[in-house]
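Written below as structure tokens is the structure these notes are about.
The values are calculated or read from the model by the stated rules, or taken from the named source; none is laboratory data. Everything numeric in this text was worked out from a predicted model, so none of it was measured. Counting neighbours? That spans all protein chains shown, and the Cβs are built from the backbone with ideal geometry, glycine included. The protein model used for the area step is the full one, side chains on, heavy atoms only, and it has no ligands, DNA or RNA in it. Shrake-Rupley method; radii C 1.70, N 1.55, O 1.52, S 1.80 Å.
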Amino acid sequence: MSRPIQVLIDPAAIAHNYRRMKALAPKAKVYAVTKADGYGHGLARVVAALPEADGFALLEVDWAIGLREAGVTQPILLLEGVFSADEMRLASHHALTVAVHEERALAWLETLVLPKPLDVYVKLNTGMNRLGFVADTAAAVVARLQACANVASITLMTHFATADDPDRGIAMQLARFDAAVAGLDLPMTLANSAATFDFPDVHRDWVRPGVALYGATPFAHRSAASLGLIAAMSLQSEIIGVQMLQAGDAVGYAAAFTAPEPMRIGIVACGYADGYPRHAPTGTPILVGGVRTRLLGRVSMDMLAVDLSDVPQAQIGTPVELWGKGLPIDEVAAAAGTIGYELMCAIAPRVQVKTL
Ligand SMILES: *Cc1c(COP(=O)(O)O)cnc(C)c1O
């Protein structure tokens, strides 16, 4: 073995989490959202863990084609649609489902000669103000698509900005959506992970959980465990150095931590070039030999320091868990001022990823 850092992915946890979301929305079908290389877990690995998934949703047309070529037969939804007329042709050829969120894509569907009619999702902007047609124009957009020979089916779609925020919720966006689509007898998809947990009324025909499948929480104040989720990713390394500090000795760049008393510290082979957040401050939790301790000082490119005061048995070679089943990624993210989503997507290419 070379440098001891590695990521372990647990396919059984992904399958468990998928079933958890399915059980929450028993009448809906479930898109496993696998953008960003399966939130950093590896697209192929995630897809292999979910043979039962009703569909997959991601962004890149070439990755979607890769899934088709690997034999995936479920619907594959391109959440941002296609970015060129050529991609619309490819999507048609490979039976990909395409989100249509702006005039340009609508015009391609109206004018191109395509190999096969496509399933399309009409994305409506109900208040997120990112992608989508103005919600009130839904009926007009649908009428144009219904007149297209290139369109096999139409599903209505929107995305919530604050489904994870109990104070704001989804009421305003939902009211806009329901008003805009009243009278259109079409399937719908609205819910991300947070909305799948908290708003059964928006499960409708398809739900679209992402982060929950990987065992992290979409909420700021509810743990993944309390939601019945199991962490699928574990970032592991080892102690590769030990130092004895005297009172007043400092640790690492900027001498950002100073020992108040004599203490023993460990150096872990993990830094920001591995994807560990550089902004994690002193006190960020870390497991050393299964014991919860804390980060000390600045995270370096390739290393970080941990307090071994309560882990006297720790030495060079002692295993370290940066996050995983014993230490929720969400806790590390919160300490670093970010969310679990960002940490799982940020694992660097130099880190070996293994399937359990
Ligand atoms: C990323 C994404 C999701 C999944 O969101 P989570 O919060 O990870 O569940 C669902 N729908 C769309 C359109 C997305 O971009």
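A compact table of results
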quantity: Output for the stretch 61-71, where each listed residue is open to solvent by 30 Å² or more (accessible area, probe 1.4 Å) and either touching a strand residue (DSSP E or B) at 6+ places or on another chain (Cβ under 8 Å) or not assigned by TED's automatic domain parsing to the domain that holds F83 (or both); calculated: R68
quantity: Selection from the stretch 193-215 of residues that are under 11 Å from the mean Cα position of the chain (by Cα) and of a type in the set (F, W, Y); calculated: Y214
quantity: Verdict on V211 being within 15 Å of the ligand (Cβ to nearest atom), within 17 Å of H16 (Cα to Cα) and β-branched (V, I, T); calculated: yes
quantity: All strands (runs of 3 or more DSSP E) inside the stretch 202-304 with 2 or more residues being open to solvent by 60 Å² or more (accessible area, probe 1.4 Å); calculated: 233-245, 291-296
quantity: Every residue from the stretch 11-25 that is in contact with a His (Cβ under 9 Å, 6 or more places away or on another chain) and more than 13 Å from L50 (Cβ to Cβ); calculated: L24, A25
quantity: Filter result (more than 21 Å from A49 (Cβ to Cβ), of a type in the set (S, T, Y) and surrounded by fewer than 18 Cβ atoms within 10 Å (Cβ to Cβ)) within the stretch 318-356; calculated: T338
quantity: Pair list, Cβ under 9 Å, 6 or more apart: the stretch 311-325 residue not assigned by TED's automatic domain parsing to the domain that holds M244, other residue among the charged types (D, E, K, R); calculated: none
quantity: Search result, residues across the stretch 146-193 that are closer than 28 Å to A95 by Cα, within 14 Å of the ligand (Cβ to nearest atom) and out of contact with any strand residue (DSSP E or B) (no Cβ under 6 Å at 6 or more places or on another chain); calculated: H159, F160, F177, L190, N192, S193
quantity: Only listed residue being in contact with a helix residue (DSSP H, G or I) (Cβ under 6 Å, 6 or more places away or on another chain) and at pLDDT 95 or above, chosen from E87, E80; calculated: E87
quantity: Count of residues meeting criterion [open to solvent by 50 Å² or more (accessible area, probe 1.4 Å), part of a helix (DSSP H, G or I) and touching a residue at least 12 places away in the same chain (Cβ under 8 Å)] in the stretch 140-175; calculated: 2
